[in-house]
Amino acid sequence: CSRPLDTKNRSGSVLGRETAIQKMVWGEDGWLRLASGSRVAEATTVGPDLPLVPFKKEPIRDEFDSTTLGKHFQWLRGDISDKIFSLTANPSHLRLYGKEMIVSDYEVSLIARRQQAFIYEASTAMVFSPDEENQMAGLVVLYSNILHYYLYVGYDNHIGTFISIMSNDNRDINIYACRPEAIATGKQIYLRAEVDGPSLQFFYGFSENDYKPIGPVLDMTILSDEHSGGFTGAFVGLCCNDPSTLSAYADFDFFEYIEK
């Protein structure tokens with residue numbers, strides 16, 4: 001299995017860059033400056049006297065009943081949505097078409113949303129019927145294509161269909177982060193990720209009320225700005241890979257994201 005969780009003397013932000021508002025003034029020289037006269041943002045500032053316009057709260061569960069994907073979902077590298085997913089091929093499901101492996105710099109079938117809290121759980125239900133090695137689909141918690149944890153269903157010529165975890169820590173890849181567990185082909189499987197600050201635990205089951213843990217508690221602090229040298233923060237989402245035939249697909253029944 002992967003190395004056990006060890007967060008001693010480690011810190012990191014998985015939330016990426018956070019926005020803030022400061023009161024500004026135009027100087028006589030035409031430059032915009034902080035009203036406080038400082039060069040450092042204040043921890044608190046007086047807000048403008050304007051009416052509140054609250055944003056509609058996002059639903060915690062997306063049943064994929066719409067023909068358009070929710071605005072909180074994102075994908076990589078331009079407008080390739082028609083190539084990587086469909087909301088009409090299997091109504092009330094998100095169908096992801098298998099593309100290149102998640103580590104690819106090109107066409108990857110991956111739909112994800114930002115992590116916006118330090119404690120959350122994300123769940124999905126998926127039907128996937130791989131019949132060749134390198135066909136994979138499942139739930140991914142990631143920072144980038146070279147920094148992620150992937151709970152996936154795959155295929156092996158000796159095992160058949162199985163579920164396992166792949167980890168990637170800046171190209172240090174552990175394909176079988178834990179011993180693969182053989183499962184039935186084509187049966188709906190439930191996948192869950194539970195993040196609690198610096199730790200991540202994956203779960204799976206064959207009903208929504210019957211999850212069991214798989215693999216060790218994993219180190220979420222590697223999915224951070226500090227560890228990656230980036231600034232985007234972590235994401236959680238769905239992925240499907242089929243670099244050999246580009247013919248496999250996975251149908252996801254829902255995606256649920258609950259902040260704790």
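What the table shows:
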| read-out | value |
| --- | --- |
| Cut-off under 5 Å, modelled amide H: who pairs with Ala137 long-range | Val153, Asn241 |
| The chain: relative contact order as a whole-number percent, Cα under 8 Å and 6+ apart | 29 |
| Table column - 3J(HN,Hα) (Hz), segment 231-248, Karplus curve with 6.51, -1.76, 1.60, x for Gly and Pro | 8, 7, x, 8, 10, 9, x, 10, 8, 9, 10, 7, x, 7, 10, 6, 10, 6 |
| 3J(HN,Hα) from dihedral phi, segment 59-65, Karplus parametrisation 6.51/-1.76/1.60, rounded to Hz, x for glycine, proline | x, 6, 10, 10, 8, 6, 7 |
| Members of Lys212/Lys260; Lys56/Lys260; Lys187/Lys212; Lys57/Lys260; Lys56/Lys83 lying beyond 26 Å, as alpha-carbon distances in this model show | Lys56/Lys83 |
| Quarter of the Cα convex hull surface for the chain, i.e. its orientation-mean projected area (nm²) | 17.4 |
| Cβ-defined net charge surrounding Phe235, 11 Å radius [Lys, Arg +1; Asp, Glu -1] | +2 |
| ³J(HN,Hα) computed for each position of segment 126-131 - Karplus, 6.51 cos²θ - 1.76 cosθ + 1.60, integer Hz, glycine/proline x | 9, 10, 8, 10, x, 9 |
| Computed accessible area, Glu100, all protein chains, 1.4 angstrom probe, square angstrom | 70 |
| Pairwise centroid distance, computed over Cα atoms, of segment 154-202 with segment 77-109, Å | 20 |
| Highest average packing first - 65-71, 102-108, Cβ atoms within 10 Å | 102-108, 65-71 |
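The values are calculated or read from the model by the stated rules, or taken from the named source; none is laboratory data. The structure displayed is predicted, hence computed values, not measured ones. Backbone-built Cβ (ideal geometry, glycine too); neighbour counts: all protein chains shown. Side chains are part of the model used for accessible areas, which takes the heavy atoms of the whole protein and leaves out ligands, DNA and RNA. Shrake-Rupley method; radii C 1.70, N 1.55, O 1.52, S 1.80 Å.
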